[in-house]
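Derivation of every value follows stated rules applied to the coordinates shown; laboratory data play no part. Note that the coordinates shown come from a computational prediction; the quantities given were computed from them, not determined experimentally.
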Amino acid sequence: MTNLFSLEGKTALVTGASYGIGFALASAFANAGAKIVFNDLKQEFVDKGLAAYKAAGIPAKGYVCDVTNEEEVNALVKKIEAEVGVIDILVNNAGIIKRIPMVEMSAAEFRQVIDVDLNAPFIVAKAVIPSMIKKGGGKIINICSMMSELGRETVSAYAAAKGGLKMLTRNIASEYGACNIQCNGIGPGYIATPQTAPLRAPQADGSKHPFDSFIIAKTPAARWGTPEDLAGPAVFLASAASDFVNGHILYVDGGILAYIGKQP
Ligand code: NAP
Ligand code: GCO
């Protein structure tokens, strides 16, 4: 049973994994035996990430690369193949959010979110798939969202991108399933990371942020998730245990999508 979840001998690229969800997923892969490669936008963040992996006893390799830049991504994938090995597991984790009411959002801001959260997973997946095919298979995990299913005020671009990412996931599964590539998504609920810090910051008077209380009331588990809550599902989707799971979005949300919400 244990062997089914082993990632021994596998190389995993987790994008934007200096901290937050990406770091937790990469750490879980390393504990399951994988070699870890990650990237971030700036050397400063890569260095912080390298120090964090080192402190956790994980021998990771980190590179500077903007996932929206196709040339940089292609060069990164070539470099990883030469220096570490063919990428067996890709996690499209890098992402941004802009919380702006739609009528106040510029088209440029909308495009930027789509670029990082939807176009980039296409660019990185496209770069790794040919070698996965040559090698006889691979695993791609796209980090989706509650917003792959639900809308809310201020996140039009993010919801459009994460909804699109769900369908890109299904399409990669459809197009390359016969090449033994499994492409699945993880849809995290509300997870405590720097991305959601503004939604949890205490008010000036020290009281809880109303969104903080809202999410706890909306979540049957009655708490925010942690990046580590996503580790088991990610190892499952990266390992042989999920070899006949394809095009699936695994929501890891403490039950949010099942629940109408606590009555006032
Ligand atoms: P985070 O704390 O903001 O971390 C995101 C990471 O992505 C950062 O390392 C960031 O780099 C990197 N990144 C952003 N743009 C990039 C680019 N163009 N090229 C390379 N790296 C880039 O976010 P998180 O909360 O860990 O979220 C990780 C993923 O999970 C995202 O896709 C997010 O949408 C998704 N997600 C989050 C939650 C949640 O509740 N937190 C829930 C569902 C889904 P810098 O260090 O340079 O900023
Ligand atoms: C927001 C949040 C969310 C989460 C996450 C939910 O403003 O509503 O940032 O979008 O980050 O993606 O699954």
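Using θ = phi - 60° and the Karplus curve 6.51 cos²θ - 1.76 cosθ + 1.60, what whole-Hz ³J(HN,Hα) does each residue of segment 202-207 get, with Gly and Pro shown as x?
Running phi through 6.51 cos²θ - 1.76 cosθ + 1.60 with θ = phi - 60° gives x, 5, 3, 7, x, 6 Hz.
Compute the projected area of the convex hull of the Cα atoms of segment 13-73, averaged over all viewing directions, and report it in nm² to one decimal place.
3.7 nm²
Given H placed on each backbone N at 1.01 Å, which residues far from Ile181 in sequence or on other chains put an amide H within less than 5 Å of it?
Result for Ile181 returns Gly138.
Out of the DSSP beta bridges found with both residues in the chain, what percent are antiparallel (nearest 5)?
Percentage antiparallel, nearest 5: 0.
Expressed in nm², what is the orientationally averaged projection area of the convex hull enclosing the Cα positions of the chain?
15.2 nm²
Based on the alpha-carbon gyration tensor of segment 1-43 and its eigenvalue square roots a ≥ b ≥ c, which shape applies: rounded if a/c is under 1.5, prolate if not and a/b is larger than b/c, or oblate?
In terms of gyration-tensor shape, prolate.
List the equivalent ellipsoid semi-axes of segment 45-103 in whole Å, largest first, each obtained as the square root of 5λ for an eigenvalue λ of the Cα gyration tensor.
So the equivalent ellipsoid measures 26, 18, 10 Å along its semi-axes.
Explain nothing, just compute: Karplus ³J(HN,Hα) = 6.51 cos²θ - 1.76 cosθ + 1.60, θ = phi - 60°, for every residue of segment 99-115 in order, whole Hz, x for Gly and Pro.
My calculation for segment 99-115 gives 9, 9, x, 3, 6, 9, 8, 7, 4, 5, 5, 4, 4, 4, 5, 4, 4 Hz in order.
I need the phi-derived Karplus couplings for segment 4-15: 6.51 cos²θ - 1.76 cosθ + 1.60, θ = phi - 60°, integer Hz, Gly and Pro marked x.
For segment 4-15, the Karplus-derived couplings read 4, 9, 6, 10, 3, x, 9, 10, 10, 9, 10, 7 Hz, x marking Gly and Pro.
Give the long-range amide H neighbours of His209: residues separated by 5 or more places, or on another chain, with amide H under 5 Å away, using H modelled in the peptide plane at 1.01 Å from N.
Gln203
If you average the alpha carbon positions of segment 27-105 and of segment 162-226, how far apart do those two centres end up, in angstrom?
19 Å
For a quick check, take a GNM of the chain with Cα springs below 10 Å and name the residue from Asp40, Asp229, Asp205 with the largest mean-square fluctuation.
Looking only at Asp40, Asp229, Asp205, the biggest GNM fluctuation is shown by Asp205.
Cut-off 10 angstrom, C-alpha nodes, Gaussian network model of the chain. Which of Gly85, Gly62, Gly95 fluctuates the most?
Result for the chain, Cα springs under 10 Å: Gly85 fluctuates most.
Let me know the whole percent of all Cα-Cα pairs from segment 103-213 that are separated by more than 19 Å.
Of the Cα pairs, 55 percent sit more than 19 Å apart.
For Leu199 and Lys126 in the same chain, what is the full-extension length gain: residue separation times 0.36 nm, less their Cα-Cα distance, in nm?
22.9 nm is the gain from fully extending Leu199 to Lys126.
Normalised by the number of residues in the chain, what is the relative contact order in percent for Cα pairs under 8 Å and 6+ residues apart? Show your work: numbers first, answer last.
Values: 506 pairs, mean separation 51.6, N = 264.
Relative contact order comes out at 20 percent.
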